[in-house]
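The values are calculated or read from the model by the stated rules, or taken from the named source; none is laboratory data. Since this is a predicted model, take the numbers as computed values, not measurements. Ideal geometry is used to build each Cβ from the backbone, glycine not excepted, and the neighbour counts take in all protein chains shown.
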Amino acid sequence: MKRAAGAASPALLFAVSAAICRRLFFTDYLSHMGSVDGSYIAMARYTMRHWGDLAWWPIWFAGMPFQNVYGPVSHLVAAALAALAHQSPGWALHTLAALLYCLGPVTLWWAALRLSAPGSTGGLAAGRDSRIWALAAALLFAVTSPAAWLIPSIRADVGGILHLRRLHTMVMYGEYPHVAALTLIPLLLVAFDRMLRGRGPMSIVIAAILLAVIGCTSVTGSVGFAMVAVAWLLALRAPDAARVLPRLGMAVGLAYALALPWIPPSTLRLIWLNSQWGTGRPTPFTLRHLLYFAVIALAAAGLRVAMGRWGAPLLLRLSILLIFFSGVVMAADLSSRTALLPQPYRFHLEFEMGCCLAGGFLWLKTAARLPTRLHAALAAALVLALTAINAAHAGRYIQPADIRGTLEYQSALWFDRNMAGGRVFAPGSVSFWMNAFTDTPQLGGCCDQGVPSWEERVALYSVYSGQNMGAREAAVSLLWLQAFSVQAVEVGGPHGREFFKPYRNPRKFDGLLPVLWRDGDDVIYRVPQRSASLAHVMRESEVVSIAGRPKDGLDIAPLERYVAALDRPAEMNWAGQSRARILATAAPDEVISVQVSYDRGWRARANGTQIPVTSDGLGLMVLHPHCAGPCSIDLEYDGGREMRIAQAARLAAVLAIVMLWATAPLRSRLRGRPHSEPRP
């Protein structure tokens, strides 16, 4: 009977969310072509098609290491689900997203119940109060959106004060990884609580595994969790915080060792640099940010002291501090356009979590003043009404797409059938969706934090904007395309079907480039290249040097010299996704320019002898074979020393976990208590 009663709350929470987002389950493609949904489907599709050969990702941004594409958990799990269920990657991604969305209120309920339970650190006096608070907070999370109440721009975007931002941002903008991280964060809070109560080494292991999973799921979600973790630490009593910090440090170290092959230092550095120059306005980190953070820390400490004097319970202190941290980040952006963090507007989801936890406490206090039956009836009526309203609203924007009728699908198939695997330049939404259907490599792709080099950013911006190029706009854009071996470019005009319309001057190639395909205002042009090969023999002086790299999109002298030298193509054949063989004839003082992104993980052997692999000023590879005549070069990406160290660290972490698990019964006997610990 107790088990049935205990299962009622999570079952109710799951059912409410499922009723609202039911159309998302088992949908292959959604109708929102402006979403990055297509890119996540592409990640899952590519992963499913190339299991065992995922070291290098050749289809976006002239190639990039797999770990730089995006946190891999979402597309690895979606690919596995698609393969096991014999369904499309889109079906798997949306089914997984709907499931995690519905589990979000359930995990929040469990965390709130554990952190407020009698006997827990900072818990309530009565178990009934804890149950009411947890259920109220989770129901608010399931059927309300505090961000829509408080922020006019979000309210307008979501369609009204009663509608759900968490679901809307997931469906309309593809925030699947962020929402998945929100579902996992409460589980990690419970794991932290177990560490605080000294539940043995396995509590550290569980926390480390969850930390690693969140870190490999979403960068934004990881930063959001950092807010939650700091709020939790600050909400604790000083002795408790001091006692748990060493265990927390061990959990963080073990988590990073587990996740190291997917987020090595080079990836963290790239994310750090690119996130400051991502979508929207630049947000470079400056010394002024240190002052901002110091003021925020002092204000948070003062807030904590005030709540301590008031006698607020731990969970309420945590929720108010989370509201404070996420709210300050958003308020600074909304009021003065000051970005304390990259893309600060995305942290409204963490803000909502804090508001709902605090709202659960207000619900608890209201319940104490009303007759039980009246309070229960009012709560049930409110939940039913909001569920019905949001289910109807969600049904209007969770709509399956007739994918074959979209420009994105038609362009992808045309490129696949006509370009023989050559690199292409596709605009906006076509780029996002291209690889949801084909393996056609492109200069664009998703997502901004993974762009391998600054010069590729310059190339993309130059082709789209033509800024300050005047009458030479088409010629300069063409140089950038040729330098990166683009074979065809698609342009969408103002009346085209492409969603974003990123070209400032969509007519610039008219009369200059031959038209290969046209559908209304959407056109594909041929980019003149001497060869479709990505490898070219040239003198080292003709390569764009690092010292002479273009300063901006108008600095084209190095490009002109390099493009003019692309007249001696070498034969290059791929053997998988991360291996290729190049056959060329070269003099000892000549090099091979390979129009693939450079990374330290590339290795090359010429006629059986290892040769240097360096970067040029465009972020592309240069091979130094020192051949005198025919040259056979084997090129392979293995991640290099960094990846070998990362794999060794992960293995050591796994062995440590196995050892801790295997010796747990022995440690329990030595301590004189059974291995199976009673639940609090």
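Criterion applied to Ser35, Ser17 was being within 30 Å of Ile389 (Cα to Cα) and modelled with pLDDT under 95, and the one residue passing it is Ser35. Output yes when any residue across the range 167-178 is of a type in the set (Asp, Glu) and under 20 Å from the mean Cα position of the chain (by Cα), and no when none is. Looking through the range 167-178, at least one residue is of a type in the set (Asp, Glu) and under 20 Å from the mean Cα position of the chain (by Cα). Suppose the filter is crowded, with 18+ Cβ neighbours inside 10 Å and within 30 Å of Ser593 (Cα to Cα); does Trp60 pass it? Criteria met by Trp60. Scanning the range 130-137 for any residue that is under 19 Å from Phe225 (Cα atoms) and at pLDDT 95 or above turns up at least one such residue. If you go through the range 642-658 one residue at a time, do you hit one that is of a type in the set (Asp, Glu), touching a Ser or Thr at 6+ places or on another chain (Cβ under 9 Å) and more than 25 Å from Met202 (Cα to Cα)? Checked against the condition, which is being of a type in the set (Asp, Glu), touching a Ser or Thr at 6+ places or on another chain (Cβ under 9 Å) and more than 25 Å from Met202 (Cα to Cα), the range 642-658 yields at least one hit.
Restricting the search to the range 123-156, which residues are within 18 Å of Val179 (Cα to Cα) and part of a helix (DSSP H, G or I)? The answer is Ala137, Ala138, Leu139, Leu140, Phe141, Ala142, Val143, Pro146, Ala147, Ala148, Ile154. Could you list, in sequence order, all residues of the range 360-375 that are surrounded by fewer than 13 Cβ atoms within 10 Å (Cβ to Cβ), part of a helix (DSSP H, G or I) and either among the hydrophobic types (A, V, I, L, M, F, W, C) or in contact with a strand residue (DSSP E or B) (Cβ under 6 Å, 6 or more places away or on another chain) (or both)? Answer for the range 360-375, where residues must be surrounded by fewer than 13 Cβ atoms within 10 Å (Cβ to Cβ), part of a helix (DSSP H, G or I) and either among the hydrophobic types (A, V, I, L, M, F, W, C) or in contact with a strand residue (DSSP E or B) (Cβ under 6 Å, 6 or more places away or on another chain) (or both): just Leu374. Counting only helices (runs of 4 or more DSSP H) that sit wholly inside the range 383-501, those with at least 2 residues that are of a type in the set (A, V, I, L, M) and farther than 30 Å from Thr283 by Cβ are 407-418, 473-483. Ser275: out of contact with any Asp or Glu (no Cβ under 7 Å at 6 or more places or on another chain) and surrounded by 23 or more Cβ atoms within 10 Å (Cβ to Cβ), yes or no? Spelling it out, it is not the case that Ser275 is out of contact with any Asp or Glu (no Cβ under 7 Å at 6 or more places or on another chain) and surrounded by 23 or more Cβ atoms within 10 Å (Cβ to Cβ). Taking the criterion of being within 17 Å of Val596 (Cα to Cα), part of a loop (DSSP other than H, G, I, E, B) and among the hydrophobic types (A, V, I, L, M, F, W, C), the residues of the range 532-562 that qualify are Ala532, Leu534, Val543, Val544, Ile546. Across the range 230-255, the number of residues qualifying as within 20 Å of Ala653 (Cβ to Cβ) and surrounded by fewer than 19 Cβ atoms within 10 Å (Cβ to Cβ) comes to 5. Of the residues Gly90, Gly38, Gly104, the single one that is crowded, with 20+ Cβ neighbours inside 10 Å and outside the structural domain of Ala235 (by TED's automatic domain parsing) is Gly38.
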